[in-house]
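Here is the structure we will look at.
The values are calculated or read from the model by the stated rules, or taken from the named source; none is laboratory data. Note that this is a predicted model, so its numbers are computed, not measured. For neighbour counting, all protein chains shown are included, and Cβ atoms are generated from backbone atoms with ideal geometry for every residue, glycine included. With ligands, DNA and RNA removed, areas are computed over all heavy atoms of the protein, side chains included. Shrake-Rupley method; radii C 1.70, N 1.55, O 1.52, S 1.80 Å.
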Amino acid sequence: MAEVDKTEKITINVGLVDLGQIDLLVDEGFYANRTDFIRTAIRRQLETRAAAIDDTVVRRTLTLGSLHLGRKDLEELRNAGQTVELRVLGLATLADDVTPELALATIAAVEVLGAFRAPRAVKAALAPRIT
């Protein structure tokens, strides 16, 4: 399974009446389980706001989907005297061979709406630059 296709666990609080209605729909066979209902509801809401999402991605110059940077990528930036701002809607990953020093020298800012995966020491070093 591709990294971008993996899921993240979230926790939500639902009122008892709403929960009962969800359970009723599950019992009646409209949904396989509570998770199926919640995923379907989320997808429908995202579909109704698709234009707003698309406009915002363009306006905020976000990478949509996934972005992966390895040591070689960042070394090329450093050697060119450049830095990068990671602005991602989806998944951003830094390879395990990226050092905190290299990340600090090349990554000016991190804004990830979704998941940001990087070595623990790199995340700690970049913490002040993560919004």
Practice prompt. Enumerate by residue number the chymotrypsin sites (Phe, Trp or Tyr not before Pro) in region 30-131 meeting two conditions: DSSP loop (anything except H, G, I, E, B), and at most 10 other Cβ atoms within 10 Å of the site's Cβ.
Written response: none
Discussion item. Which of rounded, prolate or oblate describes the chain when judged by the alpha-carbon gyration tensor and an a/c cut-off of 1.5?
Written reply: prolate
Worksheet item: Among Ala95, Thr106, Thr131, which residue has its Cα positioned farthest towards the positive end of the charge dipole of region 71-131, with +1 placed on the Cβ of Lys and Arg, -1 on the Cβ of Asp and Glu, and the dipole taken about the Cα centre?
Response: Thr131
Item to complete: Report Ile12's accessible area, 1.4 Å probe, all protein chains in place, as a number in Å² to the nearest 10.
Response: 90 Å²
Worksheet item: Under unit Cβ charges (Lys, Arg +1; Asp, Glu -1), what dipole magnitude, rounded to 20 debye, does the chain have relative to its Cα centre?
Response: 340 debye
Practice prompt. Please sort by residue number the GluC sites (Glu not before Pro) in region 1-93 whose DSSP state is loop and whose Cβ has at most 13 other Cβ atoms within 10 Å.
Written response: Glu8, Glu28
Item to complete: Using only alpha carbon pairs under 8 Å that are at least six residues apart, calculate the relative contact order of the chain and give it in whole percent.
Response: 18 percent
Practice prompt. Within the set of other residues whose C-beta is less than 12 Å from the C-beta of Val26, count the net charge using Lys and Arg as +1 and Asp and Glu as -1.
Written response: -3
Item to complete: As a check on your grasp of the helix formula, calculate [θ] at 222 nm for the chain: sum -39500 (n - 2.57) over DSSP H runs of n ≥ 4, divide by the residue count, round to the nearest 500.
Response: -13500 deg cm²/dmol
